[in-house]
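This report concerns only the one structure given below.
What follows draws every value from the coordinates through simple rules; no lab data is involved. All figures in this text were calculated on a predicted structure; none of them were measured in a lab. Here the Cβ is made from the backbone with ideal geometry for all residues, glycine too, and neighbour counts use every protein chain on show.
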């Protein structure tokens, strides 16, 4: 078997047909599709079974109680028999007939991981946007090369999506690389970082295969995300763990992840609480500001590097110095009102 598609399925009956049909329409014929129903409460389980009955030589289905995307992908991985595995979310879809070319590149370079470009698809206006690979294309990178490139993993968003990578199954198994099942969201980042930090051979190519659907009702776009700080703290901790265990430590990596945390993660967490739970905002601000994640980030990154006259920067300056009353007033009455 050349390729295993692993497709977690949960509450996507509106999109599942387009996803599966886009895989079936590819001309590369030596593959399997593993549909893992994560206890979906809609018509998805029946749709999966219908596909397996119609294409028994290509499609396998497993039904499980709801356990989240990490466990679901791991179940699919444990069932896979392909030389390479491709994780595709069931609300996304593939572009016409490009998987064969992508697979051939992976075999040509004999890589542990291959990364590709992709499109986003906004279902509100039907607009497609192209995103290039985040590494130089058609250049074989060794583990030593990747160590240097991973110093900018956060700021260059090199490890955000599992579906932009093709993984050699034997490499994942040999290195015990799996999704962390305690993570119920943002689980792809630590998985990707662990894989890239252990890979010996890697290549990026400009073959946009997948269309990533932007949905207003997706988990990451919900008006309020419960336990958002818990998940992002766990993600941050795992990133540090995988990097320190598998790479020669570089201060550049810690500065990069600290800058990303201060300038991107911190505002996201504040927006989540100030816009949706204002009565809890001050206490959450203090908890975030005093957390290990933010204290280490403030220590590793000099916020004066992006100093400006904006109130965003002033709020960060106050939070850095634990002047939470002033930071709270700026958040409440200006930034997130």
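So here's what we get for this one:
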read-out: Given (i) 0.99; (ii) 1.02; (iii) 0.95, the label whose value is Rg/Rh (Cα atoms, Kirkwood Rh) derived from this model; value: (i)
read-out: For the chain, built as a Gaussian network whose Cα springs stay under 10 Å, the top-fluctuating residue of 18, 255, 216; value: 216
read-out: Stretchable slack from residue 64 to residue 182, in nm (0.36 nm times residue separation minus alpha-carbon distance); value: 40.8 nm
read-out: Cα-derived Rg over Rh, computed across region 250-335 with Rh taken as Kirkwood radius; value: 0.96
read-out: 0 to 90° range, to nearest 10: angle between helix 44-54 axis and the chain longest Cα axis; value: 30
read-out: Nitroxide proxy distance, nm - points 7 Å out along Cα→Cβ at residue 313 and residue 299; value: 2.6
read-out: Mean separation of Cα contacts under 8 Å (6+ apart) over length of the chain, as relative contact order %; value: 17
read-out: Net length gained if the chain between residue 241 and residue 107 were fully extended (0.36 nm per residue, minus Cα distance); value: 45.2 nm
read-out: Förster radius 51 Å - calculated FRET efficiency between residue 325 and residue 206, Cβ distance, rounded to 0.05; value: 0.50
read-out: Percentage relative contact order, region 112-225, counting C-alpha pairs under 8 Å, at least six apart; value: 47
read-out: Helical contribution to [θ] at 222 nm, DSSP H n ≥ 4, -39,500 (n - 2.57), averaged over the chain, rounded to 500; value: -12000 deg cm²/dmol
read-out: Label-point gap, in nm, between residue 30 and residue 43 - each point 7 angstrom along Cα→Cβ; value: 3.7
read-out: Computed over region 1-82, the ratio Rg/Rh where both radii use C-alpha atoms and Rh is Kirkwood; value: 0.94
read-out: Angle in degrees between helix 311-320 and the longest Cα principal axis of the chain, rounded to the nearest 10; value: 80
read-out: Rel. contact order, % - alpha carbon contacts under 8 angstrom, at least six apart, region 250-335; value: 33
read-out: Evaluated at q = 0.20 Å⁻¹: base-10 log I(q)/I(0), Debye formula over Cα of region 125-267; value: -1.44
read-out: Angle between the chain longest axis and helix 281-290 axis [Cα atoms, degrees, rounded to 10]; value: 80
read-out: Paramagnetic reach from residue 174 (point 7 Å along Cα→Cβ, amide N under 13 Å) across region 71-113; value: 110-113
